Structure formats: C-alpha cells, structure tokens
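Here's the structure we're looking at; comments come further down.
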Amino acid sequence: APKTVFNLAAGDNLFEEQFARFLQNAADVTAFAKLPPQFGFVIEYTDSAASLRYYEPDFVAVLEDGSSRLIETKGREDPDVAHKDRAARLWCENATQLTGQEWRYLKVPQVGFDKLQPAAYADLVVFEAVQ
C-alpha cells in the first residue's frame, strides 16, 4: 500500500482490510495508516458505567486538501460506541485547535459502506450526517 508509511496495511478483520484497500484506491486520499495497538494511540473516554476506558481508533487519513481524518470502521454497535464517538470528536476539535490543521472524526458503518460502494473519500460524507 504505497499511501501508507508501512509496507503493509493490516487489518484486525475483513472489513478493516477492505477499508484499507478503499483508502489506498481513493484518489482524494493522499496518505493513511491503520493504527496498530503497538503505537499506543488511545483516546480516554468514560463508559456507560462511568468507568474510565481507552479507545483505539482504526485509521488516520490525510485528504488531498491537507485535512486529516480520524476514522472508525464499525461492524457492530455496543452501548459504549456513543461515548467513544463523543471522545473522538472532542479529540479532533482539540487537535485542530492545537495544530491549526483541520481534523475530523468519521465513523463508517460496515452495512452502509457495503451498500454505498464508495470510490472516493468524498462519497463518505453521507456518514457525517448520521453522527
């Protein structure tokens, strides 16, 4: 995958592998990475039981306009997904303020992705309205 700094874009499941291929082939994506656990990149959040948890997002991507995306691919929803989404959006707001570069969070549901069959990142804007 030439658009990533790694020699391989591994996924934890079939959907992540499919999504990595999509990012590689999307003309409006200039770079991406699957975030491996070894990086230690986590976002703190409070779960539905008010316990502190750590969320590991799936991907980061840089678009042709220079903006960055934090992306979560989602096969199934659990009770804490809304808490993770809120923490990821807040992380992006803070990253934008601190760096002066636009960061946005996007959750991509597998069912919607499969139905949409997107060719470009711009096609995924339909998922922004759902969040």
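General observations
- Checklist (1) under 21 Å from Phe41 (Cβ atoms); (2) surrounded by 12 or more Cβ atoms within 10 Å (Cβ to Cβ); (3) without any contact (Cβ under 8 Å) to a residue 60 or more places away in the chain applied to Asp123, failing item: (1)
- Residue match in the stretch 59-75 (condition: among the hydrophobic types (A, V, I, L, M, F, W, C) and open to solvent by 60 Å² or more (accessible area, probe 1.4 Å)): no
- Here Ala82 clears all of (1) within 23 Å of Val125 (Cβ to Cβ); (2) among the small types (Gly, Ala, Ser); (3) open to solvent by 50 Å² or more (accessible area, probe 1.4 Å); (4) touching a residue at least 24 places away in the same chain (Cβ under 8 Å) except the condition numbered (4).
- Residue ID - surrounded by the fewest Cβ atoms within 10 Å (Cβ to Cβ), chosen from residues in the stretch 33-57 that are of a type in the set (Phe, Trp, Tyr) and over 17 Å from Ala95 (Cα atoms): Phe39
- Of the numbered criteria (1) buried (at least 18 other Cβ atoms within 10 Å of the Cβ); (2) in contact with a Lys or Arg (Cβ under 9 Å, 6 or more places away or on another chain), the one Phe22 fails is (2).
- With respect to the conditions (1) touching a strand residue (DSSP E or B) at 6+ places or on another chain (Cβ under 9 Å); (2) at pLDDT 95 or above; (3) surrounded by fewer than 18 Cβ atoms within 10 Å (Cβ to Cβ); (4) within 22 Å of Val5 (Cβ to Cβ), Val29 falls short on a single one, namely (3).
- Residue list for the stretch 91-109, filter: open to solvent by 60 Å² or more (accessible area, probe 1.4 Å) and touching a Phe, Trp or Tyr at 6+ places or on another chain (Cβ under 9 Å): Trp91, Glu93, Asn94
The values are calculated or read from the model by the stated rules, or taken from the named source; none is laboratory data. These numbers were taken from a predicted model, which means no experiment stands behind them. Heads up, the Cβs are rebuilt from the backbone with ideal geometry, glycines too, and the neighbour counts pull from every protein chain shown. The accessibility values were calculated without ligands, DNA or RNA, using every heavy atom of the protein model including side chains. Shrake-Rupley method; radii C 1.70, N 1.55, O 1.52, S 1.80 Å.
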